[in-house]
């Protein structure tokens, strides 16, 4: 976890993502292979909670590490400075919790469990 040293900008940054919806042709009957591939290629959203983020620099660090994972298309961070921030990862495939955790740890932060 970071030592509290920060860029000091004081300006929380919010990255946004654009959701891509699979084509819904509404055709009944046989579906062509192209449509099958398109449906299997629809984006997967994974939401994790991350502790220790305080500013835009923190968001950039976590986003950069997550975007380096294979298949990641976008990262959206809802910053809760000093608390638990929500990170939504949009990817081409399901990502394992361990690879997400390792990427976040590489940035110096910690993925925490969702509270029930």
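Extending each Cα 7 Å along its Cβ direction at residue 45 and residue 94, get the distance between those two points in nm, one decimal.
For residue 45 paired with residue 94, the spin-label model returns 1.8 nm.
Sort all Cα-Cα distances of segment 43-112 into consecutive 5 angstrom bins from zero, then give the percent of pairs in each bin up to the one containing the longest distance.
In whole percents, the pair-distance histogram is 3, 20, 34, 28, 11, 4, 0.
If each residue of separation counts as 0.36 nm, what is the full-extension length gain between residue 110 and residue 69 once their alpha-carbon separation is subtracted?
Here the answer is 13.1 nm.
Can you tell me which of 96-108, 69-81, 50-62 comes out highest on packing, and rank the rest after it, using the mean Cβ neighbours within 10 Å?
For the peptides 96-108, 69-81, 50-62, the packing ranking is 50-62, 69-81, 96-108.
Bear in mind these aren't lab numbers, they're just calculated from the coordinates by the rules spelled out. These numbers were taken from a predicted model, which means no experiment stands behind them. Every residue, glycine as well, gets a Cβ built from its backbone with ideal geometry; the counts of neighbours run over all protein chains shown.
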